[in-house]
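J.: Just passing along the structure, written as structure tokens.
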Amino acid sequence: SRRESQSPEGLSLLGQLLQMPDCAMRVVHLNAFLAGPTPFSALIDSGGLGAASCLQELHMCGCELGVAGEGEAVIERLASALQANTRLTSLELSDNGFAAGASEMILKGLSLAPAPQQLRRLVLTKSGVNCAGAALAATLLRSGGLQYLDLSDNAVGPAGAKALLSALVPERTATSAK
């Protein structure tokens, strides 16, 4: 039932399923499904989002992961799990109440992943992405794999926009005309 799957036990079981060698589950949508970081920590701690995961797409919007208290520790563990996951091709973590530091942890984890070019789609709408976060997103763009990036409703500022633009438009070198 929905209530049981929202419990830490249900999410821990989901995490265990995602690690099974014969797991066929590739996409998980938990949009507005959880109430804060506490239940979600069970999914992370079970290893379901890490290196052994079969997960390719994770969508968690409006899950209140950035709430004060345990939120920062959960985001830190999430960033580590995402860094280890080499199969993830699509990630959506919009509208979770992230502060700038939380979105930076996520972006840094993704940019330090062994195969950052695997990630094709990243959506961090209303996620507290600032200039520093935009610079990390630009690093992901330069990795060559990211095809879709949505940072709507974030305050990236002029310097962040410039970093993103520089990742999209290669620098031109001056040439002399003869």
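The values are calculated or read from the model by the stated rules, or taken from the named source; none is laboratory data. As the structure is a computational prediction, the values presented were derived from the model and not from experiment. Positions of Cβ are backbone-derived with ideal geometry, glycine not excepted, and every protein chain shown enters the neighbour counts. What goes into the accessible areas is simple: the full protein's heavy atoms, side chains included, and nothing from ligands, DNA or RNA. Shrake-Rupley method; radii C 1.70, N 1.55, O 1.52, S 1.80 Å.
J.: Across segment 50-72, which residue is most open to solvent (accessible area, probe 1.4 Å) among those that are over 16 Å from Leu18 (Cα atoms) and either in a helix (DSSP H, G or I) or acidic (Asp, Glu) (or both)?
T.: Ranking the candidates gives Glu72 first.
J.: While we're here: What's the number of the condition Ser127 fails, among (1) modelled with pLDDT under 95; (2) part of a helix (DSSP H, G or I); (3) crowded, with 19+ Cβ neighbours inside 10 Å?
T.: (2)
J.: Another question about this same structure. Search segment 69-98 for residues that are on the phi > 0 side of the Ramachandran plot and of a type outside the set (A, V, I, L, M) and pair each with any residue that is crowded, with 21+ Cβ neighbours inside 10 Å and at pLDDT below 90 when their beta-carbon atoms are under 6 Å apart and the residues are at least 6 apart or on different chains.
T.: Cβ pairs passing all conditions: Gly97/Gly66.
J.: Taking the stated definitions as given, is Ser103 among the hydroxyl-bearing types (Ser, Thr, Tyr) and within 22 Å of Met25 (Cα to Cα)?
T.: no
J.: Checking the structure you have, find out if any residue of segment 135-143 is modelled with pLDDT under 90, open to solvent by less than 70 Å² (accessible area, probe 1.4 Å), outside any helix (DSSP H, G or I) and within 24 Å of Gly36 (Cβ to Cβ).
T.: no
J.: Can you go through Gly109, Gly15 and tell me which one is among the small types (Gly, Ala, Ser), open to solvent by less than 30 Å² (accessible area, probe 1.4 Å) and more than 12 Å from the chain's Cα centre (by Cα)?
T.: Among Gly109, Gly15, only Gly15 is among the small types (Gly, Ala, Ser), open to solvent by less than 30 Å² (accessible area, probe 1.4 Å) and more than 12 Å from the chain's Cα centre (by Cα).
J.: Here is a further query. Quick one: Pro170 ticks every box in (1) modelled with pLDDT under 95; (2) more than 17 Å from the chain's Cα centre (by Cα); (3) open to solvent by less than 20 Å² (accessible area, probe 1.4 Å); (4) not β-branched (Val, Ile, Thr) bar one, so which box is it?
T.: (3)
J.: Given the conditions (1) open to solvent by less than 20 Å² (accessible area, probe 1.4 Å); (2) not in a loop (DSSP other than H, G, I, E, B), and given that Ala132 satisfies all but one, which numbered condition is not satisfied?
T.: (1)
J.: So is Leu91 under 23 Å from Thr139 (Cβ atoms), open to solvent by less than 30 Å² (accessible area, probe 1.4 Å), modelled with pLDDT of 85 or more and in a loop (DSSP other than H, G, I, E, B) or not?
T.: Here the answer is no, as Leu91 does not meet what is asked.
J.: Identify the single condition in (1) open to solvent by 30 Å² or more (accessible area, probe 1.4 Å); (2) over 27 Å from Gln19 (Cα atoms) that Ala163 does not satisfy, given that it satisfies every other one.
T.: Only one criterion in (1) open to solvent by 30 Å² or more (accessible area, probe 1.4 Å); (2) over 27 Å from Gln19 (Cα atoms) is unmet by Ala163, namely (1).
J.: Let me ask something additional. Restricting attention to segment 79-105, report how many residues are touching a helix residue (DSSP H, G or I) at 6+ places or on another chain (Cβ under 6 Å) and under 17 Å from Thr125 (Cβ atoms).
T.: Number satisfying all stated conditions: 3.
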